[in-house]
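Step one of this worksheet: look at the structure below.
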Amino acid sequence: MNMHILGTGSALPSTVVTNDDLTKYMETSDEWIRERTGIGSRHLSTGETVASLAIEACNKALENAGKKAEDVELILVATCSPEMMLPCCACQVQAGIGASKAVAFDVNAACAGFLFSLNTAYSYLKSGMYKNALVVGAEVLSKIMDWEDRTTCILFGDGAGAVYVEAAEDEEDTYSFVQHSDGVKGMVLKCGTRDLNNPLYKGEEQSKFVWMDGREIFKFAVGQIPVCINEAMDKAGLTKDNIDLFILHQANKRIISSIAKRMELPEDRFPTNVERVGNMSSAAIPVLLDECNRNGQLKKGMRLVLSGFGAGLTFGASIFSW
Ligand code: UT7
């Protein structure tokens, strides 16, 4: 069994906020943000929700694949910023697109969430349990940002990306992946949700916003991701010369450039869109994949590495042929 991505789609909020726009709300500058992160603008929600963006991305992915929602068997939504704790976003997507036969649930592995969801879909398809899936990464991170913490809030954006995947039963398997978690270091990037509020509880309130030790995250990404990609290539019996494109989590341009340098690879093998959309956590990889698909950068037979890393800590790399 092999798994193919047959269609991609993405959705971004209509409002674009440039670095200069941010200077109206905080002490910052276009120069500081660009130099440290490579980010020039991001889309921020003025009403779009994780579910509405995910639904739009899924409808576009189905249209791109030429498939019908009623035939979808599995929907996985990776998100760490859903509007609702219940029902899960994936069930809202199921209702929104009319995929009445599908099983739907969410996955939270932060910025590695889409990658882990794609690997989960592959594992279900490989087991023979389902024949196809919609895999989505969707975030409205702007609602969990502390807009008074200029070191963190300037990095992130809102958006959603989706892929439609299908099993090719008789084909040789070319999909391969490695994935890791390091919970011991997890508190370097965190966000609380609800405090215990029963009448017996007397504890302190937690922050409901994202807090990050930026330098530690930087070191983690630049240190671990080349090792992780090499591990995935070894597992697949491939070398970096066999890979056409490396589609990495779009955390910031400096991280991607450092990874390319450590791997002794030219940066043009690492497409980016972080300049225009910022870091969209689980949505980053599928939105970039959709852009590469629609602008003709992806040719049949190309070998791609996808690599995600983020809160948890979670990280991994997947390799497959387009
Ligand atoms: O999905 C994973 C997501 N996380 C990441 O990608 C984070 C990775 N980390 C980074 O990219 C960098 O650590 C940051 C871009 C977040 C921060 O860069 P840094 O070089 O580590 O800056 P810093 O936090 O050490 O701050 C340096 C200076 C400080 O001023 P002083 O103390 O030197 O006077 C900050 O107050 O820059 C100041 N600063 C800012 N200035 C203008 C912090 N944020 C800003 C800002 N605008 N937005």
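Just so you know, all these numbers are worked out from the coordinates, no wet-lab data involved. Source: prediction; values computed, not measured. Neighbour counts run over all protein chains shown; Cβ positions are idealised from the backbone, glycine included.
Some observations on this one:
- Length, then width, then depth: along the principal axes, the Cα atoms of the range 51-146 run 43, 25, 24 Å.
- Trp211-Ser127 pseudo-label distance in nm [points 7 Å out on the Cα-to-Cβ vector]: 3.8 nm
- Applying a threshold of 31 Å to the alpha-carbon distances of Lys219/Lys240; Lys185/Lys261; Lys190/Lys240 flags Lys190/Lys240 as lying beyond it.
- Dipole magnitude of the range 150-221 about its Cα centre (Cβ charges: Lys, Arg +1; Asp, Glu -1), debye to nearest 20: 1000 debye
- Estimated translational D of the range 1-113 in µm²/s (Stokes, Kirkwood radius over Cα pairs; 37 °C; 0.692 mPa s): 204 µm²/s
- Once the Cβ-Cβ distance of Asp21 and Arg254 is raised to the sixth power relative to R0 = 35 Å, the FRET efficiency obtained is 0.95.
- Estimated D of the range 87-196 in µm² per second, where Rh is the Kirkwood radius over Cα pairs and Stokes-Einstein applies at 37 °C, 0.692 mPa s: 198 µm²/s
- Cα centroid separation - the range 47-98 against the range 101-169, whole Å: 10 Å
- Most simply put, the chain has about 70% antiparallel DSSP beta bridges, counting only bridges with both residues inside it.
- More than 17 Å apart - percent of Cα-Cα pairs taken over the range 209-270: 41 percent
- Under a model in which nothing but the beta-carbon of Lys, Arg (+1) and Asp, Glu (-1) is charged, the chain shows a dipole of about 240 debye around its Cα centre.
- In this simple spin-label model, placing a label point 7 Å from the Cα along the Cα-to-Cβ direction at both Met84 and Asp173 gives a separation of 3.7 nm.
- Calculated diffusion of the range 100-155, Stokes-Einstein form, Kirkwood radius summed over Cα pairs, 25 °C and 0.890 mPa s, µm²/s: 181 µm²/s
- Seen from Gln179, the other residues with C-beta closer than 12 Å to its C-beta sum to a net charge of -1, counting Lys and Arg as +1 and Asp and Glu as -1.
- Cα pair distances of the chain binned at 10 Å [whole percent]: 6, 28, 36, 22, 7, 1, 0
- Listed by chain and number, the lysines whose alpha-carbon sits under 19 Å from that of Lys235, ignoring those within fewer than 8 places in the same chain, are Lys126.
- Taking a straight line from the alpha carbon of Lys208, these aspartates and glutamates sit under 19 Å away, with near neighbours fewer than eight places off in the same chain left out: Glu83, Glu139, Asp146, Glu148, Asp149, Asp158, Asp195.
- Pairs of lysine residues in the range 1-120 that meet both criteria, 8 or more places apart or on different chains and Cα atoms under 28 Å apart, total 4.
- For the range 252-265, 3J(HN,Hα) per residue [Karplus equation, 6.51 cos²θ - 1.76 cosθ + 1.60, θ = phi - 60°, Hz, x = Gly/Pro]: 6, 4, 5, 5, 5, 4, 5, 5, 4, 5, 4, 8, 6, 10
- Cα centroid separation, the range 244-322 to the range 181-214 (Å): 29 Å
- The chain: most fluctuating residue of Ile255, Ile229, Ile33 per GNM, C-alpha cutoff 10 Å: Ile33
- Long-range HN-HN contacts of Asp146 with modeled amide H, under 5 Å: Val210
- Longest segment of the chain lacking trypsin sites (Lys or Arg not before Pro) that sit in a DSSP loop with at most 13 other Cβ atoms within 10 Å: 102-193
- Cut-off of 10 Å, at most 12 other beta carbons, DSSP loop: longest stretch of the chain lacking such GluC sites (Glu not before Pro): 28-147
- Reciprocal of mean inverse Cα separation for the range 26-78 (Kirkwood radius, Å): 14.4 Å
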